[in-house]
1. For PHE254, only one of the following conditions fails: (1) open to solvent by 20 Å² or more (accessible area, probe 1.4 Å); (2) more than 8 Å from the ligand (Cβ to nearest atom). What is its number?
2. Suppose we filter ARG232, ARG219, ARG237 for residues that are within 24 Å of LEU146 (Cβ to Cβ), within 12 Å of the ligand (Cβ to nearest atom) and not hydroxyl-bearing (Ser, Thr, Tyr); which single one remains?
3. Which of the following residues is within 19 Å of GLY235 (Cα to Cα) and surrounded by fewer than 24 Cβ atoms within 10 Å (Cβ to Cβ): ARG171, ARG151, ARG203?
4. So is GLU242 in contact (Cβ under 8 Å) with a residue 12 or more places away in the chain, of a type in the set (D, E, K, R) and open to solvent by less than 20 Å² (accessible area, probe 1.4 Å) or not?
5. Run down GLU396, GLU328, GLU321, GLU338 and say which single residue is modelled with pLDDT of 95 or more and away from the ligand (no atom under 16 Å from the Cβ).
6. What's the number of the only condition in (1) surrounded by 19 or more Cβ atoms within 10 Å (Cβ to Cβ); (2) assigned to a loop (DSSP other than H, G, I, E, B) that ASP221 fails to meet?
7. Considering only region 224-252, state which residues are part of a helix (DSSP H, G or I) and touching a Gly at 6+ places or on another chain (Cβ under 9 Å).
8. Of the numbered conditions (1) in contact with a helix residue (DSSP H, G or I) (Cβ under 9 Å, 6 or more places away or on another chain); (2) open to solvent by less than 10 Å² (accessible area, probe 1.4 Å); (3) under 26 Å from ILE322 (Cβ atoms), ALA166 satisfies every one except a single condition; which is it?
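The values are calculated or read from the model by the stated rules, or taken from the named source; none is laboratory data. Everything quoted here is computed from the prediction, not taken from an experiment. Ideal geometry is used to build each Cβ from the backbone, glycine not excepted, and the neighbour counts take in all protein chains shown. Remember, those area values only see protein heavy atoms, side chains included, never the ligands or the DNA or RNA. Shrake-Rupley method; radii C 1.70, N 1.55, O 1.52, S 1.80 Å.
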Amino acid sequence: MPNGSSYAAAKPRLRRDGGRVAMVVKQTSTFLLCARLARNWHRRVRFAPVSSSARAAGRRPAHWVGAESATAGCAVTVPLIERFRDRLPVTDATPVISLGEGSTPLLRASRLGERLGVDLWLKWEASNPTASYKDRGMTVAVSKALEDGARAVVCASTGNTSASAAAYAARAGVQAIVLVTESAARGKLIQARALGARVLAVRGTFDQALDAACRLVERGDHVLVNSLNPNRIAGRRTAVFEIVEELGGAPDAFVLPYGGGGNTTAYTKATAELGLGVSVHSVEAADRQRTLASAIRIERPAHAERVDASGARVHAVSDAEIVAAWLELAREEGLFCEPSSAAGLAFLRGSDELRGARVVVTITGHGLKDPGAADFHAPAPLVVDPDPDEIARVTE
Ligand code: F0G
């Protein structure tokens with residue numbers, strides 16, 4: 001059964017507290033964000049009056065987010081669709097399928113920024129519910145699919161889209177069929193399998209898997225939740241809205257990885273909508289076919305024409321540059337991402353083009369998604385006896 005409203009499903013997490021109801025906050029980051037945004041909170045969140053008879057029957061409008069919580073002045077994990085409802089293709093009739101996505105941390109990276117000569121900010125998208133930025137578009141795509149009566153969604157994926165589609169489909173009570181490339185990283189495959197998707201490993205490239213998904217959709221029984229679905233792009237735009245809101249203005253540049261180009265399309269669309277004179281730098285793997293960054297191992301980007309027309313600047317980085325940036329992010333800023341997510345920083349490290357600028361680099365997915373890459377590139381543990389002398393000696 002579809003949940004209808006995510007908050008209907010979240011209800012058991014509420015607890016009574018001195019007569020007020022407080023939402024148990026899942027992530028500290030969300031709490032801190034809420035505190036920062038408290039001043040404008042009422043403008044961002046819509047509260048719908050709930051009649052006493054509806055309340056008694058446990059019925060709430062789809063976009064109800066818990067007026068009691070706000071009155072208590074405490075944090076609540078606001079679904080992305082609620083935070084940006086007025087800028088998304090949803091109506092009151094759209095069931096909100098949410099896992100608490102969006103509102104991710106925007107972290108200043110002072111030391112790294114100083115070394116690179118930029119005012120550097122990192123948008124940590126790995127803190128989304130399935131640990132990648134895909135959830136921004138997926139909440140909108142699956143909510144709309146459910147509104148349209150879909151019973152099954154399908155996607156082709158290098159891994160992250162499949163994990164996200166699996167999670168949101170499970171939340172919505174619809175079937176997810178995911179066509180993954182055989183080289184998809186292990187963590188992503190495990191996510192999709194554990195979340196109950198029908199996981200099919202396609203013999204072939206990502207492009208061939210995407211073609212197959214599109215042809216399946218033509219038969220009429222499935223909704224495509226790849227970024228060719230415009231609802232996915234609509235949801236992804238919200239990263240730009242968040243960044244601009246939280247910085248109190250636009251940065252000079254956005255820098256992000258380029259795989260299929262959906263995210264670049266969304267960022268350029270959002271900056272154009274807001275009328276921002278911001279440059280968007282989209283960073284691809286120099287060897288698209290064979291890069292170790294498996295998430296962006298895509299030979300023919302589905303959005304190539306849109307990216308070309310968007311005014312985004314496209315740059316290429318080598319695998320060695322990606323690995324160096326990836327290790328630096330982990331060791332110097334504490335952000336363990338998957339290799340493809342470090343492509344943006346890899347470009348910044350090798351170029352003077354943005355010197356002196358205020359730059360936001362989007363870090364798209366978590367390092368645990370690709371344990372194989374981490375295992376290969378990070379030092380293995382030394383085996384020691386439980387002996388303080390030995391431990392002190394080897395760590396000197
Ligand atoms: N970063 C990560 C972690 C990704 O998973 C992807 C794409 C990208 C960057 C590239 O973004 O395609 O919008 O240009 N992953 C897709 C997938 C292809 O199937 O999960 P893009």
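1. (1)
2. ARG232
3. One residue alone meets the criteria, ARG171.
4. yes
5. Going through GLU396, GLU328, GLU321, GLU338 in turn, just one is modelled with pLDDT of 95 or more and away from the ligand (no atom under 16 Å from the Cβ): GLU328.
6. The single condition ASP221 does not satisfy is (1).
7. Correct list: ASN231, ARG232, ILE233, ALA234, GLY235, ARG236, THR238, ALA239, GLU242.
8. (3) is the only condition that ALA166 fails.
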